[in-house]
1. In degrees between 0 and 90, to the nearest 10, how far off the longest principal axis of the chain does helix 2-25 point, with axes built from Cα atoms?
2. Treat each spin label as a single point 7 Å out from the Cα along the C-beta direction, and report the R111 to D243 distance in nm.
3. What does the accessible area per residue of the chain come to in Å², with a 1.4 Å probe and no ligands, DNA or RNA counted?
4. Where does the charge balance sit around E48 when Lys and Arg score +1, Asp and Glu -1, over other residues with C-beta under 14 Å from its C-beta?
5. Grab the eigenvalues of the alpha-carbon gyration tensor for region 42-109, scale each by 5, take roots, and send me the semi-axes largest first in whole angstrom.
6. Over the chain, what is the relative contact order in percent, taking alpha-carbon pairs closer than 8 angstrom and at least six residues apart?
7. Rule-of-thumb check for region 199-349: C-alpha Rg over 2.2 N^0.38 Å?
8. Can you tell me how much longer the chain between N59 and T203 gets when fully stretched, taken as 0.36 nm per residue apart minus their C-alpha distance, in nm with one decimal?
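The values are calculated or read from the model by the stated rules, or taken from the named source; none is laboratory data. What you see is a predicted model; the values in this text were computed from it and never measured. Here the Cβ positions follow ideal geometry from the backbone for every residue, glycine too, while neighbour counts run over all protein chains shown. Surface areas here come from the heavy atoms of the whole protein model, side chains and all, with no ligands, DNA or RNA. Shrake-Rupley method; radii C 1.70, N 1.55, O 1.52, S 1.80 Å.
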Amino acid sequence: MRRLRLSLALALAGAALCHQVQAATAGELTIMATGGAWQAALRQAWFEPFAKKAGITFNEQEYTGELGKIKAMVETGDVPIDLVTVETSTVLQGCDTGVLIRLDYARIADRSRFLPGTALDCGVGIDVYGDVLAYDSSVLKQAPASVLDIFDTQKFPGKRAMRKAPAQNLEWALMADGVPIDQVYEVLATPEGVDRAFKKLDTIKKDIVWWDAGAQPAQLLASKEVVMTTAWNGRIQSAIDQDKRPFALVWNDQIVEFDMVAIPKGAKNLDLAYQYLNYVAQPEVSAQLGRFIPYGPVIKDATPFIPKEVLPKLPTAPENMQRHLVANVEFWGDHGEDLVKRFNAWLAQ
């Protein structure tokens, strides 16, 4: 009887200790991302596997990518998120203004393991994507040869869609106006270059439908509201693969960019946030995103883990990189605020 009582006491004590350990390790992690097919891919590739591995609840919010929303949280001291996906230009602006914390890479991964430009002080890269041209092959019988064909309204008449932002559009405007790819940012850094870019945009302004969310380009094509649109390659590829849309991508003169993730100042679950960043920096984990949306990994040694059928769909595939521009993060960090003001004023004219 004494042995039975002792065994029962030990079992109860063990159960209590186990419960305490589970309670100590359990938690919640909240991320704010830009929604649509991309966020769904993040969920499948990383959010859900990490939540299961860490034994936590993974909460999601959505926004349209503007720094102002993050800044408002930080300034009021009410920061309900632990991680936020951001563009590279937003990382630099958020870093300068103190909205995003400076990352401790000792808790993530060695910076040398990342592609150049994807391990920034206040943001770490999570994927490589391409700003490309997309069209409906059942509508356009003649395929555009370049993203710059969006400026050719004679050869390709009809409405076309572009993102409601100066980035990418100003670069493409200069390229379409004859500026060599390797001189785009040099020219755009001058007042004359900015004027030149906006003058080129003027030539198609009345034909442009503006989009500001990643899901919209595919929707605009599907509804036949536009004959072509700039887009993030993965959103269109998802519409092709999953929705069986007759869309096609044009890679020539794509602008290569990186999605990033950052920690806002005042995040309440800092340890869990770092655990997540370390998790997605593992090569075999980094490669998983391409299974759900065709964006390339930022970890150099992740390529062997990418399925062979996925590789040709990535913006970094050799056949898709024959003519491309890598977005200049530093340029937009230095000039972004002024160009956004100029762009908004131009829109209002």
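1. Helix 2-25 sits roughly 20 degrees off the main axis of the chain.
2. With each label placed 7 Å out from Cα toward Cβ, I get 4.0 nm.
3. Numbers: 16250 Å² over 349 residues.
That works out to 47 Å² per residue.
4. On the way: positive: R43, K52, K53, R291; negative: E60.
Surrounding charge for E48 is +3.
5. Details: eigenvalues 107, 46, 30 Å².
Semi-axes from the Cα gyration tensor: 23, 15, 12 Å.
6. On the way: 594 pairs, mean separation 91.1, N = 349.
The normalised contact order for the chain reaches 26 percent.
7. On the way: Rg = 18.3 Å, N = 151, 2.2 N^0.38 = 14.8 Å.
My calculation over the Cα atoms of region 199-349 gives 1.23.
8. Values: separation 144, 0.36 × 144 = 51.84 nm, distance 4.44 nm.
Answer, rounded to one decimal: 47.4 nm.
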